[in-house]
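Shown next, in structure tokens, is the structure this report addresses.
The values are calculated or read from the model by the stated rules, or taken from the named source; none is laboratory data. None of the values given here were measured: they were computed from a predicted structure. Note: ideal-geometry Cβ built from the backbone for every residue, glycine included; neighbour counts use all protein chains shown.
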Amino acid sequence: MATWHATVTALVKTIVGAGVLALPFAFAQTGYLAAVALLSLAAGAQLFALQLLAQLSLAAADTPSYRAFALEAFGSAAAAAAAEAINGIHCFALATACLIVLGDLCPALARSRGAHARRASIALLGVGLELPLLCRRSLRGLRHTSAIGNAAVALLAALTALFAAGVLHPAAPPSVRVGLLPPQGGASPLASHAGVLGVFVFSFECAMNVPTLVVEMDQPSARRVESAVSAGVGLSLVAYLLIGGCGAAAFGAAVSPNLLLSFPSGEADKLADACAVAARLAMLLSVAFTYPLMMHPARNSAALVLFSQPAASLSSEQRGLLTLGLFACSVMVAMLVESLDLALGLVGGSTGILIGFVFPALFFFQIKGRQMDSQDMADDGATDSKRFDLDLERSTAYLYLIDRGRTRRMRMGACAMAVGGLLLIPVLVGAQVLQIISATHESHKHKTNAD
């Protein structure tokens with residue numbers, strides 16, 4: 001069983017990942033005030049969603065899981081299959097984002113540039129490392145690689161703070177500083193905020209792991225679980241504010257969508273260059289081992305949707321073809337999408353909102369609603385004399401009414417979050433599509449001028 005501190009550590013490990021690399025760019029696009037507000041809003045919404053899942057997990061009769069909640073909340077097998085498909089798409093997108101990061105970091109470590117070097121890195125690492133890991137039935141050997149991820153994020157935070165403090169020096173001082181307000185002369189503030197809000201949402205996605213954390217926690221009372229969830233989200237928010245703010249301060253408005261690409265590469269400052277190499281290598285190892293950890297649940301979801309059975313139960317031929325198909329699609333998408341902020345924004349603004357916010361809210365609203373209806377029917381069959389004759393029974397009834405009122409308020413909040421999330425998805429996805437169109441137009445314009 002996991003202690004309170006171990007649960008908090010595991011939650012922070014789950015939240016903080018490769019998405020941290022795009023936060024300084026998001027800060028630069030919106031300015032410090034809006035970035036802090038949007039990031040805090042995403043953290044608060046995720047905290048509420050995790051508390052909803054924690055309550056469901058504590059009250060579950062059987063072993064709680066995200067899939068079990070979907071079956072109980074939606075009732076029909078078709079609705080549960082749709083939720084499973086969205087979960088698979090989300091995990092697939094997370095894994096593909098890891099390949100995009102690998103495609104950025106490998107050429108930087110090899111001191112080579114260009115689209116060909118990036119695509120070659122994705123292909124070589126994919127076939128040489130990721131595909132063999134995907135072909136394994138179990139990934140228990142990778143359980144301890146999360147320590148690499150923690151070390152990589154800690155090193156990244158420390159180096160970013162040193163660059164911001166002037167102890168380490170970037171290749172060139174920032175020509176345009178990031179201000180409190182959005183930059184002038186670019187996209188409208190609303191477009192900038194909508195374009196990067198998906199990155200902030202992506203940064204706090206960990207809802208799928210909460211039932212498992214509750215099961216593994218020692219003495220999982222409501223107070224202990226909620227305090228652990230609050231501490232995990234709070235510590236992650238502090239880390240994000242540190243890296244996002246210091247990265248924007250150190251490298252200015254021109255900071256890359258992948259922070260590590262703004263770190264020095266072969267410059268005169270040998271110390272800064274060596275630190276940058278260490279940070280890139282640590283993050284590369286972390287992301288490389290994260291890819292199969294995301295693709296395995298994606299493959300399992302695909303098997304459940306297509307074959308109505310988990311991937312482990314498929315024949316060797318079926319599992320091999322499914323693995324190769326998912327891997328090939330992932331590699332092709334990673335080669336085509338070159339901007340990390342675009343990938344994270346699309347994932348966070350679509351499946352990320354569904355998995356991290358909308359589904360937990362719907363689970364709680366539906367399951368608790370049915371439980372309250374069942375309790376009402378039971379109460380209607382009992383007489384007042386049986387329930388309130390004794391002082392102890394009066395006290396119990398009073399506490400019951402308090403808990404019932406809290407559940408009603410949480411159901412109202414869950415309903416509001418589900419509706420708000422569904423309304424937000426087309427806005428965020430639309431903003432990303434507009435950015436893609438704008439970037440394509442600018443690229444075509446530059447090529448025309450060059451010709």
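Quick look at the numbers
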{"item": "Those residues of segment 19-41 which are surrounded by fewer than 24 Cβ atoms within 10 Å (Cβ to Cβ) and in a helix (DSSP H, G or I), in sequence order", "result": "Tyr32, Leu33, Ala34, Val36, Ala37, Leu38, Ser40, Leu41"}
{"item": "Within segment 302-326, considering residues that are surrounded by 14 or more Cβ atoms within 10 Å (Cβ to Cβ) and in contact with a Lys or Arg (Cβ under 9 Å, 6 or more places away or on another chain), the one farthest from Ala117 (Cα to Cα)", "result": "Leu304"}
{"item": "Residue check, Ala77 hydrophobic (A, V, I, L, M, F, W, C), surrounded by fewer than 18 Cβ atoms within 10 Å (Cβ to Cβ) and modelled with pLDDT under 95", "result": "yes"}
{"item": "Flag if Gly114 is over 23 Å from the mean Cα position of the chain (by Cα) and of a type in the set (Gly, Ala, Ser)", "result": "yes"}
{"item": "Contacts under 7 angstrom Cβ, first residue in segment 169-180 being at pLDDT below 80, partner in a loop (DSSP other than H, G, I, E, B) and surrounded by 11 or more Cβ atoms within 10 Å (Cβ to Cβ), 6 or more apart", "result": "Ala171/Pro264; Ala171/Glu267"}
{"item": "Residues (surrounded by fewer than 24 Cβ atoms within 10 Å (Cβ to Cβ) and either of a type in the set (A, V, I, L, M, F, W, C) or at pLDDT 95 or above (or both)) located in segment 327-345", "result": "Phe327, Ala328, Cys329, Val331, Met332, Val333, Met335, Leu336, Val337, Leu342"}
{"item": "Pairs with Cβ under 7 Å, 6+ apart, first in segment 98-118 and without any contact (Cβ under 8 Å) to a residue 24 or more places away in the chain, second among the basic types (Lys, Arg) and part of a loop (DSSP other than H, G, I, E, B)", "result": "Pro107/Arg113"}
{"item": "Subset of segment 155-167 (residues that are more than 27 Å from the chain's Cα centre (by Cα) and either modelled with pLDDT under 70 or within 18 Å of Ser256 (Cα to Cα) (or both))", "result": "none"}
{"item": "Which numbered condition Gln46 misses (of (1) surrounded by fewer than 24 Cβ atoms within 10 Å (Cβ to Cβ); (2) under 21 Å from the mean Cα position of the chain (by Cα); (3) polar (S, T, N, Q))", "result": "(1)"}
{"item": "Test: residue in segment 331-344 that is of a type in the set (S, T, N, Q) and in a helix (DSSP H, G or I)", "result": "no"}
{"item": "Matching residues, segment 63-78, being over 20 Å from the mean Cα position of the chain (by Cα) and among the charged types (D, E, K, R)", "result": "Glu72"}
{"item": "Pro107, sole failed condition from (1) part of a helix (DSSP H, G or I); (2) surrounded by fewer than 20 Cβ atoms within 10 Å (Cβ to Cβ)", "result": "(2)"}
